[in-house]
Amino acid sequence: MEGYTSEWVLFIGSILIFVSILIGKTGYRFGVPTLLLFLVVGMCFGEDGLGLNFDNVRDAQFVGTLGMSIILFSGGMDTKLTDIRPVMKPGLLLSTMGVAIMAIVTGGFIYAISFIDAPFFKIIQFPLLTAMLLAATMSSTDSASVFNILRSQKINLQYNLKPLLELESGSNDPMAYMLTIVLIQLVGGGDASGLDVFVSFVIQFALGGFIGFAVGKFAVFSVNHFNLNNRSLYSILTLAFIYFTFTITDMAKGNGYLAVYIAGIVFGNNKLLNRKDIATFMNGLTWFFQILMFLLLGLLVNPSQMFQTAIPAVLISLFMIFVSRPISVFSCMLPFYKFFPFRAMHFVSFVGLRGAAPIIFATYPVVANVPGSDIIFNIVFFVTLFSLVFQGMAIAPVARKLKLDIPYVETESEFGIELPDGIDRQLRDKVISEDDLENGCRIMDIKLDKGTLIILVKRGDKILTPSGSLELYAGDKLLLIDELSND
C-alpha cells in the first residue's frame, strides 16, 4: 500500500480483520465458507471497491509463503497417525498422482478451448505449456474450507473419509507447487528433459521428507528438554522451527512445503510438554494468516478485470468439478474399492475445493513475468471463488444425499477446563439423564466408574460445587475426572 503511513496501514488492517471476523461469524451459520467471505471483504475494500490500492504481488506472495508454512505445519500437528494410517495409501496417491492427473487433464481441456473462435475465448489462447501451468496452479485442494463447513453443519463421515480428506488436502500442496515451478521454468525457455524433471521431483520429495522429519524430531527434543523460564517461549521456539524448516529445505533445493507438513506430523504425534499452549498459539496464528492471506489476495485482484475471464473460467471450473477431479480421484481410489464404495469416491471427487494455495501459486508466474500471467491470476481467482460458492455450500447436502453422514459428536467441553501436561488423568463431560436418577437424585446416589470423581456441576449458566447431598436434575452437566486405562 504505497503512499500510506504505517499508522494508516495498521488502522486499515485492523478494520479489515474486524469486518472479516464479523462477516465470517454470520456466514459460518449458513454454511458459507469463511475464507470466501474474507476474499469478498478484500475485494470490496480494493481498487474497484472502496479504493484501497494494493498491487504488490511480491508482498502478497511473501505473506502467502509465511501463511502456508504455518497452515501446513498446524495441519500436520492435527493429523493423527492412528487416524490416517488406514487411509495412508489412497491419501498419498491422491496428493501426488491425483494432483498430476488433475493438472494434465485440466491443462488439456484449457488448451483445447483456446482454439474456440469466439471473443471471450481469445483471452486464453495459450500454448500447451502455459495451459498446463494454469492447470498446475489449480491442482491442489483446500482443507480449511472443507472442514469449516463440515463443522458448521455438524457433519461427520463414514468410511474414514474425514482423515482421508484431511491427509489429501494437507499433503497435496507440495506436488502442485513443484508442478508450478517446473512448468514456469519450461515456459520460460528451459530445456530440461523428462529425466531432469523426474530427478528434480525425486530430489525435492526426498529432501523435503528427510529435512522435515529430522527437524521435526529435533523440535520435539528441544521443546521437551530446553528449560525455558517463560512457557510462552515454547510457542515462539516452535514458530522458529517452522520457518527454519521451510527456508533450509528451500535453500537445499527441496520442497519446503512438504518439509513443514512432515515436521508438523512428527511434532504433533510425539509427547510434548506445553502441548496445549503451543496448539492454542498455532491455531490462533493459523486463523490470523488465513484472514491476512485472503484479505491481501482480495485486495490484489481487480474484479472488473477478473470478470472479463468469467466465461472460460466457469467452463474450466465445471470441467474440474465434473470431469478432471473425478478422473483423478477414481484413478487413485479404484484399487481400494473394497474399502470405499462408489458413493464415497463420488463424495471425495466433489470435495475438491480450491483455496488460498492456488491463488498464491498463481502469483509465481506473475513474479516470473510469464507471458499471460495476469490472465492466469484472474482465472485462478475466479475459479477459486466459483469453487468456494458452488462446491463449498453444497458439501453438507451432498454428504447427506449420498448417505455418508453419521451423527456428529461434540468434542469440546462445556467447562473449558484442561489438565496440565504430564498428568495421567482425563477430563470428560457427562449429561445427567432420567436413567441416571433412577436410584436417587443426589450425587451420592449416582453410579460412577471406579476412579471417577465429579469436579463441577453446570446447571444452565450456573456452576455448582459438588457435594454428596447436592440434588441433580436431568440435563445437568457434570465435569468428571477419570483415571487413564492401562489397556
TODO: Working only within segment 115-129, note down all residues that are open to solvent by less than 40 Å² (accessible area, probe 1.4 Å) and over 16 Å from Val383 (Cβ atoms).
DONE: Ala118
Task: Flag for Val329 being in a helix (DSSP H, G or I), among the hydrophobic types (A, V, I, L, M, F, W, C), open to solvent by less than 10 Å² (accessible area, probe 1.4 Å) and in contact (Cβ under 8 Å) with a residue 60 or more places away in the chain - done: yes
TODO: Just name the residue that is farthest from Phe307 (Cα to Cα) out of those in segment 365-406 that are open to solvent by less than 70 Å² (accessible area, probe 1.4 Å) and not in a helix (DSSP H, G or I).
DONE: Ile406
Open item on the list: Taking the conditions exactly as written (open to solvent by less than 90 Å² (accessible area, probe 1.4 Å) and out of contact with any Gly (no Cβ under 8 Å at 6 or more places or on another chain)), does Val457 satisfy them or not?
Closed with: yes
Open item on the list: Can you confirm whether Ile463 is open to solvent by 40 Å² or more (accessible area, probe 1.4 Å), closer than 30 Å to Lys271 by Cα, part of a strand (DSSP E or B) and at pLDDT 85 or above?
Closed with: no
TODO: Filter segment 476-485 down to residues that are part of a loop (DSSP other than H, G, I, E, B) and open to solvent by 40 Å² or more (accessible area, probe 1.4 Å), then give me how many there are.
DONE: 2
Task: Test set (1) open to solvent by 60 Å² or more (accessible area, probe 1.4 Å); (2) touching a residue at least 60 places away in the same chain (Cβ under 8 Å) - Met251 fails condition number - done: (2)
Open item on the list: Quick check on segment 431-447. Is at least one of its residues hydroxyl-bearing (Ser, Thr, Tyr), over 30 Å from Asn224 (Cα atoms) and modelled with pLDDT of 80 or more?
Closed with: yes
Task: Filter result for the condition that a residue is among the aliphatic types (A, V, I, L, M), closer than 30 Å to Tyr337 by Cβ, modelled with pLDDT under 95 and more than 23 Å from the chain's Cα centre (by Cα), over Val202, Val187, Val197 - done: Val202
Task: Residue tally, condition part of a helix (DSSP H, G or I), of a type in the set (S, T, N, Q), surrounded by fewer than 19 Cβ atoms within 10 Å (Cβ to Cβ) and over 18 Å from the mean Cα position of the chain (by Cα), over segment 267-321 - done: 3
Open item on the list: Take residues that are over 20 Å from the mean Cα position of the chain (by Cα) and modelled with pLDDT of 75 or more and tell me which of the helices (runs of 4 or more DSSP H) falling wholly in segment 1-92 contain 2 or more.
Closed with: 6-29, 34-45, 57-78
Task: Matching residues in segment 226-244 - criterion: being surrounded by 16 or more Cβ atoms within 10 Å (Cβ to Cβ) and either among the polar types (S, T, N, Q) or part of a loop (DSSP other than H, G, I, E, B) (or both) - done: Ser235, Thr238
Task: Scan of segment 445-459 for residues that are under 21 Å from Asp435 (Cβ atoms) and part of a loop (DSSP other than H, G, I, E, B), ordered by number - done: Ile446, Lys447, Leu448, Asp449, Lys450, Thr452
Open item on the list: Step by step: first the residues of segment 188-209, then only those that are free of Cβ contacts under 8 Å to residues at least 40 places away in the same chain and hydrophobic (A, V, I, L, M, F, W, C), then the one that is surrounded by the fewest Cβ atoms within 10 Å (Cβ to Cβ). Which residue is that?
Closed with: Leu195
Task: Filter result for Arg343 (surrounded by fewer than 21 Cβ atoms within 10 Å (Cβ to Cβ), in a helix (DSSP H, G or I), at pLDDT 90 or above and of a type in the set (D, E, K, R)) - done: yes
TODO: Kindly indicate whether any position in segment 354-372 is in contact with a Ser or Thr (Cβ under 9 Å, 6 or more places away or on another chain), basic (Lys, Arg) and either free of Cβ contacts under 8 Å to residues at least 40 places away in the same chain or closer than 18 Å to Thr180 by Cα (or both).
DONE: yes
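The values are calculated or read from the model by the stated rules, or taken from the named source; none is laboratory data. What you see is a predicted model, and the numbers here were worked out from it, not measured in a lab. Glycine also receives a Cβ, built like all others from the backbone with ideal geometry; neighbour counts cover every protein chain displayed. Side chains are part of the model used for accessible areas, which takes the heavy atoms of the whole protein and leaves out ligands, DNA and RNA. Shrake-Rupley method; radii C 1.70, N 1.55, O 1.52, S 1.80 Å.
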